[in-house]
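The values are calculated or read from the model by the stated rules, or taken from the named source; none is laboratory data. Just so it is clear, the structure is predicted and the values come from calculations on it, not from any experiment. No Cβ is skipped: glycine too gets one built from the backbone with ideal geometry, and neighbour counts run over all protein chains shown. Ligands, DNA and RNA are stripped out before the accessible areas are found, and what is left, the full protein with its side chains, is counted by its heavy atoms. Shrake-Rupley method; radii C 1.70, N 1.55, O 1.52, S 1.80 Å.
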Amino acid sequence: MAHRDLQAGRQEIPGIHGKNSHASPTPLTDGKRLWVHFGHQGTACLDLDGKVLWRNTELRYAPVHGAGGSPIRVDNRLVFSVDGGDKQFVVALDCDTGKVIWKTDRKSAAVKRFSFGTPLLIAVDGKAQIVSQAAEAVMAYDPEDGKELWRIKYDGYSQIPGPLSATACFSSAPGMTNPP
């Protein structure tokens with residue numbers, strides 16, 4: 001695949017932490033398309049020949065140490081957490097267009113609000129939930145509309161390790177896919 005500059009025309013590229021890079025989030029593929037996420041610098045979809053199918057750079061926020069969390073795919077949604085110094089939310093983009101399907105504010109009262117988590121798709125009583133850690137809380141969201149389903153509070157911030165669930169690998173809820 002040829003080199004593609006997905007940030008062409010961007011004037012502002014803030015510094016990052018010494019143990020991070022602008023490409024820390026993990027790309028996703030369905031075997032036909034590739035989705036890449038660069039945190040505050042945007043998200044894009046490419047075909048496997050490298051043609052850019054769409055870009056979304058509208059989700060602006062003040063990063064702390066750069067991007068760290070990766071997106072997950074839930075049905076035809078690309079879901080990721082945004083936990084910057086100024087804004088904290090979870091968002092679902094349409095995999096075909098990059099348009100925002102839903103965006104849910106985390107409503108955090110934490111003093112230090114940044115975090116670097118990757119959401120986890122689980123099933124509870126046969127229903128899909130997206131679990132996402134943040135500063136001082138772990139929350140679950142409905143994949144259809146982004147409604148917060150539950151929240152567990154804790155002391156801490158700058159979370160990097162992701163949640164884990166035994167049911168995430170063995171579920172048959174609609175929209176859930178097991179790893180190969």
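Please report, ordered by residue number, the strands (runs of 3 or more DSSP E) entirely within region 26-86 with at least 3 residues that are open to solvent by less than 60 Å² (accessible area, probe 1.4 Å).
Values: elements: 33-37, 43-47, 52-56, 72-74, 77-83.
Hits in region 26-86: 33-37, 43-47, 52-56, 77-83.
Of everything in region 87-125, what is open to solvent by less than 60 Å² (accessible area, probe 1.4 Å), assigned to a loop (DSSP other than H, G, I, E, B) and modelled with pLDDT under 90? Give them in sequence order.
Answer for region 87-125, where residues must be open to solvent by less than 60 Å² (accessible area, probe 1.4 Å), assigned to a loop (DSSP other than H, G, I, E, B) and modelled with pLDDT under 90: ARG106, SER108, ALA110, PHE114, SER115, PHE116, GLY117, THR118.
Only residues in region 112-140 that are farther than 13 Å from PHE89 by Cα count as the first member; pair them with residues that are among the hydroxyl-bearing types (Ser, Thr, Tyr) and modelled with pLDDT under 80, Cβ under 6 angstrom, at least 6 apart or cross-chain, and list the lot.
LYS112/TYR157; ILE122/SER165; ILE122/THR167; ALA123/THR167; ALA123/SER171
Do we have any residue at all in region 150-158 that's at pLDDT 85 or above and within 17 Å of the chain's Cα centre (by Cα)?
no
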